[in-house]
1. Write out the GluC sites (Glu not before Pro) in the range 39-128 meeting two conditions: DSSP loop, and at most 12 other Cβ atoms within 10 Å of their Cβ.
2. In whole Hz, with x marking every Gly and Pro, tabulate ³J(HN,Hα) for the range 250-263 from phi via Karplus 6.51 cos²θ - 1.76 cosθ + 1.60, θ = phi - 60°.
3. Quick one: order 241, 256 by neighbouring beta-carbon count within 10 Å, fewest to most.
4. Using alpha-carbon positions, what is the distance between the centroids of the range 85-118 and the range 219-296, in Å?
5. For the range 268-285, what does the Karplus curve 6.51 cos²θ - 1.76 cosθ + 1.60, with θ = phi - 60°, yield as ³J(HN,Hα) per residue in whole Hz, taken in order and with x for Gly and Pro?
6. Looking at [x] 15.4; [y] 23.1; [z] 19.2, which value of mean projected area of the Cα convex hull in nm² comes from a calculation on the structure shown?
7. Could you estimate the translational diffusion coefficient of the range 104-197 from the Stokes-Einstein equation, with Rh from the Kirkwood formula over C-alpha pairs, at 37 °C and 0.692 mPa s, in whole µm²/s?
8. Where Lys and Arg each count +1 and Asp and Glu each count -1, what net charge lies around residue 239 among other residues with Cβ under 13 Å from its Cβ?
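Read the figures in this text as sums done on the coordinates, not as results from a lab. Because the structure is a prediction, the values reported are computed rather than measured. With ideal geometry, Cβ positions are generated from the backbone for all residues, glycine too; neighbour counts draw on all protein chains shown.
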Amino acid sequence: MLDGFLVVDKPPGITSHHVVAILRRTFGQKKIGHTGTLDPFATGVLPVALGEGTKAIPFLDESVKEYRATMRLGISTDTQDLEGEVLQEREWSHVTPAMVDDLLPSFRGEIMQVPPMFSALKRDGVPLYRLARRGETVEREARRVVIHSLSIDRVQLPELTFTVRCSRGTYVRTLAHDLGEALGCGAHLLQLRRTASGSFTLANAFTLEHLAAASPGEIAARHFIPIREALSHLPELELGDRGYARVRNGMAPGEDDLESGVFPPAGQVVLCYRGVIAAVAEVVAPDGRQERHLRICRGFNQVYPLH
């Protein structure tokens, strides 16, 4: 039984849900889920939580994601990628590499982005992609996203390959579409590869071919990420015996229940006991007073690092 995370290098042509189903069969665990969907045509980093790791998903730091993508100028599709129906074809021969370079600064930093109709966002409880498949289009409010960096890797017109680091919730398909509109010719995405999602990167990922060729134990020994490591961005407090007993009974520990450390001014913390994660808690200061206490956000059943 694994309690933690694995990173799959998802191949094209299958859904993220399909990848999870493969891991459920391979590891014989039902409690498995991915942390962020990749479109079927997309490849790359797909973090998967196993066992108690699924409880840690809300506390992960996946606020910055990185992608390498290739877009094709001159053709717009209804899905904004190669899997959609062609909506319009326009001349692209006026576009030059200099025009692309001049355009990039306006797409860096905070920008407004209208989510695509082919997305999992819901309207009155119905995913937009279902409405889109019925030929319906509804108004979508533009959302603020952050493009931390955007650079062109290769220009082979009418194709452009770029790398983008962006905030969670950014649609790279829409970024390609909007770049094409700004260039006056339209565009759609040909390839999309996620190279990082927070601390999860391709460096610790394995392919499904690797999974088929190795035993589950070998995969776990090489690629398993414990919950504590996945939550290493949060401050860590060590509980004493009494503090751990309180957490196990669903009660928040006090500052005198700690073996080491003091409550930080605010924010979430990881509570550990003898090297084992016990809970994620939040430091609370009622009514702005200096007196602080912990509120348990999520407790974990006893889990151990992989040896």
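1. Numbers: sites: 52, 62, 66, 83, 85, 89, 91, 110; in loops: 52, 62, 83, 85, 91.
The qualifying sites are 85, 91.
2. Residue by residue, the range 250-263 yields x, 10, 7, x, x, 5, 7, 8, 8, 7, 8, x, 10, 4 Hz.
3. Working: 241 11, 256 8.
By the 10 Å Cβ count, ascending: 256, 241.
4. Answer, in whole Å: 45.
5. For the range 268-285, the Karplus curve yields 8, 9, 9, 9, 10, 9, 6, x, 10, 5, 10, 6, 10, 10, 10, 7, 10, 10 Hz.
6. [z]
7. Stokes-Einstein gives a translational diffusion coefficient of 227 µm²/s.
8. -3
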